[in-house]
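The structure under discussion appears below in the form of structure tokens.
The values are calculated or read from the model by the stated rules, or taken from the named source; none is laboratory data. Since this is a predicted model, take the numbers as computed values, not measurements. Because the Cβ atoms are built from the backbone with ideal geometry, glycine has one as well, and the counts that use them run over all protein chains shown. The area values use the complete protein model at the heavy-atom level, side chains included, leaving out ligands, DNA and RNA. Shrake-Rupley method; radii C 1.70, N 1.55, O 1.52, S 1.80 Å.
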Amino acid sequence: ECTVLQKEVDTLLEWSGSALIVLNQNGAILQANSRANMWLSTPGMSLIGKTLLEVTFSEELFSLFRVAVEGKDIQDREVRPTLNNLVLNVSITSLSEDPIRGRRFLMVMQNITDIRRLETIRRDFVANVSHELRTPLASIRAMAETLQDGAMSDPHVANRFLGTIVHETERLKRIAEDLLILADSESRPPQRDRLALKPLIETIIGRSRPQAEKAGLSVSYEIEQDLVILANLDQMEQVLVNLIDNAIKYTSPGGSVSVIAQKISDTAVIRFRDTGIGIMSSDLNRIFERFYRVDKGRSRASGGTGLGLSIVKHIVESHEGTVSVQSEFNHGSEFTVSIPLMKENDDEFDQN
Ligand code: ADP
């Protein structure tokens, strides 16, 4: 009877999702579940018998423990032991006294590292969005006020200002659209169907030809037959459009853009090559961040929102794929998208 109960308690402790440790009043660890071991010790090292301080090196945690020893329960305190960069939510309470081991304390820890990290990302994102919206709004307002103050009577100036107002309004619209696409790709698991890449890529290249010709670029492609993936059509189209658009935007007249798609083992690999301005290695690992642009002026002038690549990354990863980039400053860039090919037994699925 007693062992059954004990087993149930042990199971409960293991599966609670929290790290649990029992300490004596000197802070020596008497018991620890596996999550406590995972978060607080290095592989192969046991926590039992060690003190809280020598395990965590955290004065902060130890002083909380001392408060509990003095008789005051600790509830939901946030602690960041530098040990492994975790953010822990800690509660400590005293247990009933053990005739052999004396006073004992239970320490419960939840790992809230991811929550805190996501909060920071969200906060930064909101700050960035508001900044991105304020810039065109400020210029629209300045132009409108100048017109109000009399510039209207000079048709030449008035025309120029109105042109800028329209231009900045379009920019706001693009940001709003890209934000919607981004939010959409994050929230809704999209319906996926069998998708042949060759006709899709050809269509999109066809559509961007006028833009490329206007920019004085030649466009070529080489796409293997039978590249079939399981994907959401709208989203894949978005990925292709964004990458081809960028290749065109960031390449000077006389240059070339090419798209190569081939099967490599069980993956469809699509490369977007350009002979454009390239990206310095210090910027390479940041360009997939939302709103990150190497050259704000150039991006703005070509109608960029700074969201294109983060949309690409998000969509590709939600299709179990990867996107990477190689680039040589002043010589050109190559973006590579890899997506698993559809397998014979992949069922088309509809999660709506
Ligand atoms: P944007 O709307 O500014 O183009 P993206 O998210 O699509 O935003 O790209 C982020 C930044 O990465 C761009 O501002 C640009 O600096 C750089 N970039 C993207 N594609 C290329 C490319 N093909 N060649 C050079 N730089 C590029």
Quiz item: Using a Gaussian network for the chain with springs between C-alpha atoms less than 10 Å apart, which of these wobbles most: Arg293, Arg273, Arg207?
Solution: Arg207
Exercise. For the chain, please report how many Lys pairs fall under 14 Å Cα to Cα, leaving out neighbours fewer than 8 apart on the same chain.
Key: 4
Quiz item: Over the chain, what is the mean sequence separation of C-alpha contacts under 8 Å (at least six apart), divided by residue count, expressed as relative contact order in percent?
Solution: 11 percent
Quiz item: How far, in degrees from 0 to 90, does helix 59-69 lean away from the longest principal axis of the Cα atoms of the chain, to the nearest 10?
Solution: 40 degrees
Quiz item: Got the relative contact order for region 1-112 handy, in percent, Cα pairs under 8 Å and 6 or more residues apart?
Solution: 25 percent
Quiz item: Based on DSSP H runs of at least 4 residues, each adding -39500 (n - 2.57), what is the mean residue ellipticity at 222 nm of the chain after dividing by all its residues, to the nearest 500 deg cm²/dmol?
Solution: -15000 deg cm²/dmol
Practice problem: Could you pull the accessible area for Tyr250 with a 1.4 Å probe, rounded to 10 Å²? | Solution: 60 Å²
Quiz prompt | Per DSSP, loop chymotrypsin sites (Phe, Trp or Tyr not before Pro) in region 284-352 with at most 11 further Cβ within 10 Å | solution = Phe349
Quiz item: What percentage of the solvent-accessible surface of region 268-352, computed with a 1.4 Å probe over protein heavy atoms, is contributed by carbon and sulfur atoms?
Solution: 46 percent
Quiz item: Got a sec to turn the phi values of region 259-269 into Karplus ³J(HN,Hα) couplings, 6.51 cos²θ - 1.76 cosθ + 1.60 with θ = phi - 60°, whole Hz, x for Gly and Pro?
Solution: 10, 10, 10, 8, 8, 10, 6, 9, 10, 8, 10
Quiz item: Are there trypsin sites (Lys or Arg not before Pro) in region 80-113 that DSSP puts in a loop and that have at most 14 other Cβ atoms within 10 Å, and which ones?
Solution: Arg101, Arg103
Quiz item: With every protein chain kept in the model, how would you rank Asp226, Asp76, Asp245 by accessible area, 1.4 Å probe, largest at the top?
Solution: Asp226, Asp76, Asp245
Quiz item: How far is helix 197-214 tilted, in degrees, relative to the longest principal axis of the Cα atoms in the chain, given as a value from 0 to 90 rounded to the nearest 10?
Solution: 50 degrees
Self-check item: From phi via Karplus (6.51, -1.76, 1.60), per-residue ³J(HN,Hα) for region 138-155 in Hz, x at Gly/Pro
Solution: 4, 6, 4, 5, 4, 5, 4, 5, 5, 4, 4, 7, x, 4, 4, 6, 9, x
Quiz item: Based on the Cβ-Cβ distance from Asn85 to Ser187, what FRET efficiency comes out when R0 is 41 Å, to the nearest 0.05?
Solution: 0.90
Quiz item: Where does helix 308-318 land angle-wise versus the long Cα axis of the chain, in degrees 0 to 90, nearest 10?
Solution: 50 degrees
Exercise. Whole Å is fine, so just give me how far the alpha carbon centre of region 218-262 lies from that of region 153-199.
Key: 20 Å
Quiz item: Using the Cβ atoms and a cut-off under 10 Å, what net charge is assigned to the surroundings of Glu224, where Lys and Arg are +1 and Asp and Glu are -1?
Solution: 0
Quiz item: Using the Cβ atoms and a cut-off under 13 Å, what net charge is assigned to the surroundings of Ala151, where Lys and Arg are +1 and Asp and Glu are -1?
Solution: -2
Self-check item: Where region 91-210 is the region considered: accessible area per residue in Å², 1.4 Å probe
Solution: 62 Å²
Practice problem: Could you size up the charge dipole of the chain around its Cα centre, putting +1 on the beta carbon of Lys and Arg and -1 on that of Asp and Glu, and report it in debye to the nearest 20? | Solution: 940 debye
Practice problem: Place +1 on the Cβ of every Lys and Arg and -1 on the Cβ of every Asp and Glu in the chain, take the dipole about the Cα centre, and give the residue among Asn89, Val166, Phe105 whose Cα lies farthest towards its positive end. | Solution: Val166
Self-check item: Net charge contributed by nearby residues that have their C-beta within less than 13 Å of Phe105 (K/R +1, D/E -1)
Solution: +1
Quiz item: Who wins for biggest fluctuation among Gln225, Gln31, Gln211 in a Gaussian network model of the chain, springs between alpha carbons below 10 Å?
Solution: Gln31
Quiz item: With a ≥ b ≥ c the root eigenvalues of the C-alpha gyration tensor of the chain, is it rounded (a/c under 1.5), prolate (a/b larger than b/c) or oblate?
Solution: prolate
Quiz prompt | Accessible solvent surface per residue of region 276-352, calculated while the other protein chains remain in place, 1.4 angstrom probe, Å² | solution = 54 Å²
Quiz item: What FRET efficiency do you get for Ser63 and Lys343 if R0 is 45 Å and r is their Cβ-Cβ distance, rounded to the nearest 0.05?
Solution: 0.20
Self-check item: Zone residues, region 178-208, relative to Leu137, backbone N less than 18 Å from point 7 Å out along Cα-to-Cβ
Solution: 178-180
